[in-house]
Amino acid sequence: MLPDREALLHDAAAHLGRHPTASMDDIARAAGISRATLHRWFAGRDALVRGLEQLGISRVRAAVDAARLEEGDPGDALRRLIAEAESFAGFLGFLMSESQLFEPGAVDPGWTEADERIAALFRRGQETGVFRVELTAAFLTEALYALVTACAWAVQEGRVAERDAGPMTAELLLGGLLRRDAR
């Protein structure tokens, strides 16, 4: 019996996020299946990477929608986004490094749109005086991705409890992001 496609992609993303040059054998082993089974789902590495990209981006976009970034206090919106990030944390490391696997400039428009909505949250926080203005929205967006990814890896390795991952990520990011007079 074939494994669930999304579960397979989840395992592959978690592995490729840490090991971007992993072979199909390595990916199959990490997913607990044979290489033949992996090839039943994906004809080759390019097909697997495209499947990962599509599912990862759809998860990021769903999380951004669910977090309602345009509503309420920017700090609270960021906390909601980080809580929603659990649904795509395993894909984030892959998506961040995935650009190395394709031609320059070949970024999926869905990723660009989600990225821009997150950056807009940081700009809104800056414009309303909640977030520090000397940190660019682009930098803060990348910092968010890096922290979510690092925490997901720590959970994967058993160094951080899953229930603590989101709150610790939010507090670390907000601790450096909030204006000193807003803390």
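Laboratory data are not the source of any read-out in this text; all were calculated from the coordinates shown. Note that the structure is predicted; figures quoted are calculated from it, not measured. Cβ sites come from the backbone with ideal geometry, for glycine too, and all protein chains shown count toward neighbours.
For the peptides 109-120, 46-57, residues were scored by their other Cβ atoms within 10 Å and the scores averaged per peptide; the highest-first order is 46-57, 109-120.
Near Ala154: Cβ cut-off under 11 Å, other residues only, Lys/Arg at +1 and Asp/Glu at -1. The net charge is -2.
Taking Cα atoms only, the orientation of helix 74-84 departs from the longest principal axis of the chain by about 20 degrees.
When shorter helices are ignored and each DSSP H run of at least 4 residues is given -39500 (n - 2.57), the per-residue value for the chain at 222 nm works out to -22500 deg cm²/dmol. Compared with the dominant Cα axis of the chain, that is its longest principal axis, helix 137-156 is turned about 50°.
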